[in-house]
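Beneath this line is the structure, given in structure tokens, with notes to follow.
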Amino acid sequence: MSIQSAGIAHGSTERNEPAAHDAVFGLFDAKWRQRIGLGGLLVLRYGLIALLLMWGAFKFAAFEAEAIRPLVENSPLMSWLYPLLGVRGTSALIGVVEIASALLMALRRWLPSWSALGSLIATGTFLVTLSFLFTTPDAWSLSSPWGGFLMKDLLLLGAALYTAAEALDAAAVRAATAELRTKT
């Protein structure tokens, strides 16, 4: 239902609406819309790669290992790693996973299926970190530093899922093209 048909439009008449729409959105033909979409996809993928590389590198530092300790030690999915690897070892392992997923995602141009794997690994990472919202005491409290910090991972999860789907599509196109070449 459009805003106009819902009777919500303010200060415009139905007769003027198409002209105003065309004046603004007519500037964006199919070529421009495609460029805008590609720009968004590039920002999603390479922004996610940059963040994962940065956060992954931080996991090798003592300050970050201690900073994530309250999240990891309260998680049934992760806390078992502390007795096995210690605080620094667990943090380093998380860093390896984050960096590996970023590097795999960066292979999109050459190996889209590997890039999709990197995005899927990042998806798993963000699902685990979002689970901290439910396992960390008082994470939802207004005075907690964790709630807002962890909620950003909801958006990053969406970015990882979208880049995984796009890379899987690219891998399927590449495979179909290769198959056609072998048949001719």
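Quickly run through region 68-85 and pick out the residues that are in a helix (DSSP H, G or I), among the aliphatic types (A, V, I, L, M) and exposed (fewer than 15 other Cβ atoms within 10 Å of the Cβ). The answer is Leu84, Leu85. Restricted to region 129-153, and to residues that are part of a loop (DSSP other than H, G, I, E, B) and of a type in the set (A, V, I, L, M), which residue is nearest to Ser75 (Cα to Cα)? Selected residue: Ala139.
From the list Arg109, Arg88, the lone residue that is surrounded by fewer than 19 Cβ atoms within 10 Å (Cβ to Cβ), of a type in the set (D, E, K, R), modelled with pLDDT of 95 or more and part of a helix (DSSP H, G or I) is Arg88. Within region 145-160, does at least one residue satisfy the condition of being surrounded by fewer than 11 Cβ atoms within 10 Å (Cβ to Cβ) and either at pLDDT 95 or above or among the small types (Gly, Ala, Ser) (or both)? Yes, the conditions are met somewhere in region 145-160. Of the set (1) modelled with pLDDT of 95 or more; (2) touching a Phe, Trp or Tyr at 6+ places or on another chain (Cβ under 7 Å); (3) part of a helix (DSSP H, G or I); (4) surrounded by fewer than 17 Cβ atoms within 10 Å (Cβ to Cβ), all apply to Ala100 but (2).
Only one of the listed residues (Ile94, Ile121) is in contact with a Lys or Arg (Cβ under 8 Å, 6 or more places away or on another chain) and either part of a helix (DSSP H, G or I) or within 17 Å of Leu77 (Cα to Cα) (or both). That residue is Ile94. Which residue out of Arg35, Arg15 is under 30 Å from Ala106 (Cβ atoms) and either at pLDDT 90 or above or part of a loop (DSSP other than H, G, I, E, B) (or both)? From the options Arg35, Arg15, the qualifying one is Arg35. Taken over region 126-160, the criterion of being of a type outside the set (D, E, K, R), closer than 15 Å to Leu52 by Cβ and touching a helix residue (DSSP H, G or I) at 6+ places or on another chain (Cβ under 6 Å) is satisfied by Phe126, Thr129, Leu156, Leu157, Ala159, Ala160. Remark: pairs (first residue in region 37-64, over 24 Å from Tyr162 (Cβ atoms); second residue among the charged types (D, E, K, R); Cβ separation under 7 Å; 6+ apart in sequence or on different chains) = Phe58/Glu64; Lys59/Glu98; Ala62/Arg88.
The values are calculated or read from the model by the stated rules, or taken from the named source; none is laboratory data. This structure is a prediction, so every number in the text was calculated from the model and none was measured. All Cβ positions, glycine included, derive from the backbone under ideal geometry; neighbour counts span all protein chains shown.
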